[in-house]
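The values are calculated or read from the model by the stated rules, or taken from the named source; none is laboratory data. Here the structure is a predicted model, which means the values were calculated and not measured. Cβ coordinates were reconstructed from backbone atoms using ideal geometry, including for glycine residues, and neighbour counts include every protein chain displayed.
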Amino acid sequence: MKKAVYPGSFDPITNGHLDIIERASKLFDELTVAVLVNPDKKGMFDIDERVELIKKVIAQYDNVNVVSFNGLLIDFMNKNDIDVIVKGLRAVSDFEYELQMALMNNKLDATKETVFMMTSAKYSFLSSSAVKQVAKFGGCIEGLVPDELVELISKRVK
Ligand code: PNS
């Protein structure tokens, strides 16, 4: 069985993330969305909230689950017998940061591979921080996050 992990901050999940989840779920037998702490980012939603939001939108995918983990991604993968990391790439600007992480993870454990998926063009401008900024100042986030989360996220951010 081919298992993969899709790790990230997901603060909060966007349609760009969901697009990667949907496409990756077709490539692997089991896909685990792992909400991890990025020490370089100050979070807005707490980890449990992020997991709850993701749970609401992945129910339709039989082979996708979501968990949180506090620690190294590699440790999470070894505990769960996962060898492949899926990451989304939006633009060249993502590449340097993602390459560094992929190489670091591979240095920590050479049995782990990172597979990059190109974000769909319609979501190439989208990020969790932009969603938070738009929502914070009362802008419309429809089309940026899953429909069932629009109201929840808008209220919470304000
Ligand atoms: O969505 P993000 O913020 O780009 O995701 C980054 C994340 C959370 C995947 C990364 O910070 C991470 O893997 N954190 C766990 C700690 C870890 O394993 N760090 C080593 C990789 S440099």
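Summary of computed values
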read-out: Residues within the stretch 89-101 that are more than 9 Å from the ligand (Cβ to nearest atom), surrounded by 14 or more Cβ atoms within 10 Å (Cβ to Cβ) and either hydrophobic (A, V, I, L, M, F, W, C) or not in a loop (DSSP other than H, G, I, E, B) (or both), tallied; value: 1
read-out: Pairs with Cβ under 8 Å, 6+ apart, first in the stretch 60-85 and on the phi > 0 side of the Ramachandran plot, second away from the ligand (no atom under 16 Å from the Cβ) and in a strand (DSSP E or B); value: Asp81/Lys3
read-out: Qualifying helices (runs of 4 or more DSSP H) (wholly inside the stretch 1-85; at least 3 residues being in contact with a helix residue (DSSP H, G or I) (Cβ under 7 Å, 6 or more places away or on another chain)); value: 15-25, 47-58
read-out: Any pair with Cβ under 6 angstrom, 6 or more apart, that starts in the stretch 93-110 at a residue that is within 20 Å of Met77 (Cβ to Cβ) and ends at one that is within 10 Å of the ligand (Cβ to nearest atom) and assigned to a helix (DSSP H, G or I); value: Asn105/Ile74; Leu108/Ile74; Asp109/Ile74
read-out: Criterion (on the phi > 0 side of the Ramachandran plot and in contact (Cβ under 8 Å) with a residue 40 or more places away in the chain) met by exactly one of Gly138, Gly88, Gly143; value: Gly143
read-out: Number of the condition not met by Ile47 [criteria: (1) in contact (Cβ under 8 Å) with a residue 60 or more places away in the chain; (2) within 14 Å of the chain's Cα centre (by Cα)]; value: (1)
read-out: Condition broken by Met117, with the remaining ones in (1) touching a strand residue (DSSP E or B) at 6+ places or on another chain (Cβ under 7 Å); (2) closer than 19 Å to Thr14 by Cβ; (3) at pLDDT below 95 satisfied; value: (3)
read-out: Test result for Phe137, over 13 Å from Gly16 (Cα atoms) and either touching a helix residue (DSSP H, G or I) at 6+ places or on another chain (Cβ under 9 Å) or within 14 Å of the ligand (Cβ to nearest atom) (or both); value: no
